[in-house]
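The values are calculated or read from the model by the stated rules, or taken from the named source; none is laboratory data. Note that the structure is predicted; figures quoted are calculated from it, not measured. FYI the Cβ positions are ideal-geometry reconstructions off the backbone, even for glycines, and counts take in every protein chain you see. Keep in mind that these areas ignore ligands, DNA and RNA; they rest on the heavy atoms of the full protein, side chains included. Shrake-Rupley method; radii C 1.70, N 1.55, O 1.52, S 1.80 Å.
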Amino acid sequence: MTLVDLGIPRLPTSWRDTSLPGDRPRTPQLVDSFGRVATDLRVSLTDRCNLRCTYCMPAEGLPALAREKVMTRAEIARLVGIAVRDLGVRQVRFTGGEPLLRRDLTEIVADVAALDPRPEISLTTNAVGLDSRAEALRDAGLDRVNVSLDTLDPDTFARLARRPFLERTLAGIEAAARVFDLVKINAVLVRGVNLDHAADLLSWCLERGFELRFIEQMPLDADHAWDRTAMVTAAEVRELLGERFTLAPDAEPRDGAPAERFVVRSRDTGERLGRVGIIASVTEPFCGDCRRTRLTAEGGIRDCLFAHTETDLLGPLREGAPDDVVADLWRTAMWGKRAGHGMDDASFVQPERTMSAIGG
Ligand code: SAM
């Protein structure tokens, strides 16, 4: 009698064992057992970063992956190709670590833009060094950029990022604004550090036509210093911004997007100033509508930021596994995705890997 006979899903032990785990249906897409379909792929291009944000990395950094463990340009193109051709992925976002630290980023973008069907391609970056590369990235096929910027105050930036690079980030944002139609800014608010800067940051973004999104701080820091009672909640951000602006829920459907969006108007004149998003991953989780699958820099699949396990695709790929086998390993990895990230469970354990190591 086998485990399958007993109704217990069995995971393949080697890529050569291609039998389906228990009850996984034979659908081409990345479905999970709760009926969600992942169409949005986040690819971490490197675990290295040139900042040391307090909510992400330790001051001394993390041991970097050996170069040979990180996916090469050709391996990235092959895996993303499998995702868009065989698995129904439609959006690809490059992240890290800091993806601009890859010298071959432009070529990677061009490879993915040449795929058929062509996915939408975006980049999450701290923008340090983007000023000299934005145009080439756009020409290679990059559609959108999200830049992380938590404050406009140089001292606070240096305190949060542990590097005095505000000017370089701003230069990168300026270049991005020149070449891309839409620039989104991501900000994490930390009590006692940059919470008071939230409304100024929003003003600055609205004046320039950038869409700002505040992200609730998640327990993915290297120092394990995250504290639910101290974190800045989405409700608090709404209240704080409401003191300076009028916020109304955006009528446009959210369509699986993590941010709840609000139309921002002037409190004095009622003039529409733009939009702001709030990503309440902790207090108002949106796991039920999650459409993400994640590929780490060393070619592992994670079905969730808070997963404790990964499925290695790079090993099988390097051992000669054909595309259909890799695609099936990916499907199996996603089939086991949990209903939610479980942060509200008493049994919740913070993943060992930080946001920078998983790919934020
Ligand atoms: N280096 C790039 C950047 O700065 O955008 C990409 C990687 S970074 C890990 C991606 C995003 O994750 C950034 O916007 C960062 O602010 C966010 N992030 C990192 N740690 C976080 C945490 N503990 N909670 C919430 N967001 C976090």
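Could you compute Rg(Cα) / (2.2 N^0.38 Å) for the stretch 251-360, with N its residue count? Intermediate results must be reported in sequence, preceding the final value.
Details: Rg = 18.5 Å, N = 110, 2.2 N^0.38 = 13.1 Å.
That works out to 1.41 for the stretch 251-360.
For the chain, the longest stretch holding no GluC sites (Glu not before Pro) located in a DSSP loop with at most 13 other Cβ atoms within 10 Å is which?
61-242
Would you mind telling me the share, in percent, of accessible area of the chain contributed by carbon and sulfur at probe 1.4 angstrom?
Whole-percent figure for carbon plus sulfur exposure: 50.
When the Cα centres of the stretch 136-183 and the stretch 202-247 are compared, how far apart do they sit, in Å?
Taking the Cα centre of the stretch 202-247 as reference, the centre of the stretch 136-183 is 18 Å away.
Using the alpha-carbon centroid of each, what span in Å lies between the stretch 13-85 and the stretch 338-360?
16 Å
With every protein chain kept in place and ligands, DNA and RNA left out, what is the accessible area per residue of the stretch 178-251? Probe 1.4 Å, answer in Å².
Result: 45 Å² of accessible area for each residue.
Could you give the Stokes-Einstein D for the stretch 218-283 in µm² per second, using the C-alpha Kirkwood radius, 20 °C, 1.002 mPa s?
This corresponds to a translational diffusion coefficient of 159 µm²/s.
Taking the stretch 78-167, which trypsin sites (Lys or Arg not before Pro) meet the DSSP loop condition and have no more than 11 other C-beta atoms within 10 Å?
Details: sites: R78, R85, R90, R93, R102, R103, R133, R138, R144, R159, R162; in loops: R90, R102, R103, R133, R162.
Here the sparse-neighbourhood loop sites are R103.
Where does helix 166-179 land angle-wise versus the long Cα axis of the chain, in degrees 0 to 90, nearest 10?
So the helix axis and the longest Cα principal axis differ by about 80 degrees.
With viscosity set to 0.692 mPa s and temperature to 37 °C, compute the Stokes-Einstein D of the stretch 49-160, Rh being the Kirkwood radius across alpha carbon pairs; µm²/s, no decimals.
213 µm²/s
Indicate, rounded to the nearest 5 percent, the antiparallel portion of the DSSP beta bridges found entirely in the stretch 180-279.
55 percent
How large is log10 of I(q)/I(0) for the chain at q = 0.06, 0.13, 0.14 Å⁻¹ when the intensity is taken from the Debye formula with one equal scatterer per alpha-carbon?
Log10 I(q)/I(0), no solvent term: -0.22, -1.06, -1.23.
So which chymotrypsin sites (Phe, Trp or Tyr not before Pro) in the stretch 209-241 pass both tests, a DSSP loop state and at most 16 other Cβ atoms within 10 Å of the Cβ?
W226
For D312 and D181, what does the FRET efficiency come to when R0 = 51 Å and r is the distance between their Cβ atoms, rounded to the nearest 0.05?
The computed FRET efficiency comes out at 0.85.
Give the accessible surface of the stretch 26-154 per residue, rounded to a whole number of Å², with probe radius 1.4 Å and ligands, DNA and RNA excluded.
The answer is 41 Å² per residue.
Counting helices only, and only those DSSP H runs with n ≥ 4, report the 222 nm mean residue ellipticity of the chain as the sum of -39,500 (n - 2.57) divided by its residues, in deg cm²/dmol to the nearest 500.
On the way: 10 runs with 94 residues, N = 360.
Mean residue ellipticity, 222 nm, calculated: -7500 deg cm²/dmol.
Among L329, F94, A64, whose Cα lies farthest out toward the positive end of the dipole of the chain, if unit charges sit on the beta carbon of Lys, Arg (+1) and Asp, Glu (-1)?
L329
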